[in-house]
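The values are calculated or read from the model by the stated rules, or taken from the named source; none is laboratory data. Predicted, not measured: the structure shown is a model, and the values here were computed from it. Cβ sites come from the backbone with ideal geometry, for glycine too, and all protein chains shown count toward neighbours. Calculation scope for accessible area: heavy atoms of the full protein, side chains included, ligands and nucleic acids excluded. Shrake-Rupley method; radii C 1.70, N 1.55, O 1.52, S 1.80 Å.
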Amino acid sequence: MVIVFQILFVLVLIVIIILFALRKRRDAVANPMPENYRELLNDYVTYYRQLDEAGKESFEKRVEHFLSAVKITGVNAITEDLDLLLIASGAIIPVFAISDWQYINLHEVLLYPGSFNADFDQDGSERPISGMVGTGAMQHVMVINKWQLRQGFINNNDSHNTAIHEFVHLIDKMDGTMDGIPEIILERKYVNRWKNIMDSTIWQMKNYGSDIDMYGATNHAEFFAVISEYFFEQPGLLKTNHPELHEMLERIYKTA
Ligand SMILES: [Zn+2]
């Protein structure tokens, strides 16, 4: 009789272990691709809308891959299909021309409804905190404000996009330092030139003002994030107003 109980006990234990393992596996597949993704991308993501058919297909595959790899969690906010697609689009747009790109330094995106405080690299007090890239215990986590995320894509007449801004910080951080120099994608021979252009533009911004968001004059890292938003949101305008910057960003993002 005791042996029967022992066998039963072991069997129950095995079942529990299997169930636990299956649950973990399910958790690992982060987000399935939303059903109406084509419609949503077409309606909200100008960058996607302007691609040809082959480009669109490739963009969709990259979005699906991103969503399967990175967990997206709402914190006091409901994560809707549109939010998933906008976060993934913000991730893919800057690296779309770099086919083998992986955000190896990102595991989870937290979606907040409004302002938040945490152990993050804050985007300063001059403008509302719209997104952050985690440091310390929050390494590999990005926080993004849902309202700002949507504004970045809905409003096409400015050069702001919070998701692109935060993902550019991650690209910059991939080499170990968030310093405005994305060594992982910028050829070494251009590093000094890039630094000089950043310095001279920041100097001009501080002394004469600029059409570039003044937040970019905070430091090199913010300059790189802000000017990248401008580059992907208003490429034609950037080319007209700042041809040298535009040329360097084409080099960095391999879009030439
Ligand atoms: Zn920033």
TODO: Report, by residue number, each residue of the range 59-117 that is of a type in the set (Val, Ile, Thr), crowded, with 19+ Cβ neighbours inside 10 Å and either over 24 Å from Asn42 (Cα atoms) or touching a Ser or Thr at 6+ places or on another chain (Cβ under 7 Å) (or both).
DONE: Val63, Ile72
- [ ] Return the total of residues in the range 202-251 being part of a loop (DSSP other than H, G, I, E, B) and of a type in the set (D, E, K, R).
- [x] 2
Open item on the list: Residues that are under 15 Å from Glu244 (Cβ atoms), free of Cβ contacts under 8 Å to residues at least 24 places away in the same chain, within 16 Å of the ligand (Cβ to nearest atom) and out of contact with any Leu (no Cβ under 6 Å at 6 or more places or on another chain): does the range 202-214 have at least one?
Closed with: yes
TODO: Check whether at least one residue in the range 209-217 is surrounded by fewer than 16 Cβ atoms within 10 Å (Cβ to Cβ) and either at pLDDT below 95 or of a type outside the set (A, V, I, L, M, F, W, C) (or both), and report yes or no.
DONE: yes
TODO: Could you list all residues from the range 48-58 that are open to solvent by 60 Å² or more (accessible area, probe 1.4 Å) and within 19 Å of Asn156 (Cα to Cα)?
DONE: Arg49, Gln50
Open item on the list: Tell me yes or no: at least one residue of the range 223-238 is more than 16 Å from the ligand (Cβ to nearest atom), open to solvent by 10 Å² or more (accessible area, probe 1.4 Å), in contact with a helix residue (DSSP H, G or I) (Cβ under 6 Å, 6 or more places away or on another chain) and farther than 14 Å from Arg193 by Cβ.
Closed with: no
Task: Residue under evaluation Ile181, criteria (1) of a type outside the set (D, E, K, R); (2) touching a residue at least 60 places away in the same chain (Cβ under 8 Å); (3) in a loop (DSSP other than H, G, I, E, B), criterion not met - done: (2)
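Residue-by-condition table, conditions (1) modelled with pLDDT of 95 or more; (2) exposed (fewer than 14 other Cβ atoms within 10 Å of the Cβ); (3) within 11 Å of the ligand (Cβ to nearest atom):
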position	(1), (2), (3)
Asp123	no, no, yes
Val141	no, no, no
Asn145	no, no, no
Gln148	no, no, no
Thr177	no, yes, no
Open item on the list: Looking only at the range 1-44, how many residues end up being part of a loop (DSSP other than H, G, I, E, B), open to solvent by 80 Å² or more (accessible area, probe 1.4 Å) and at pLDDT 90 or above?
Closed with: 1
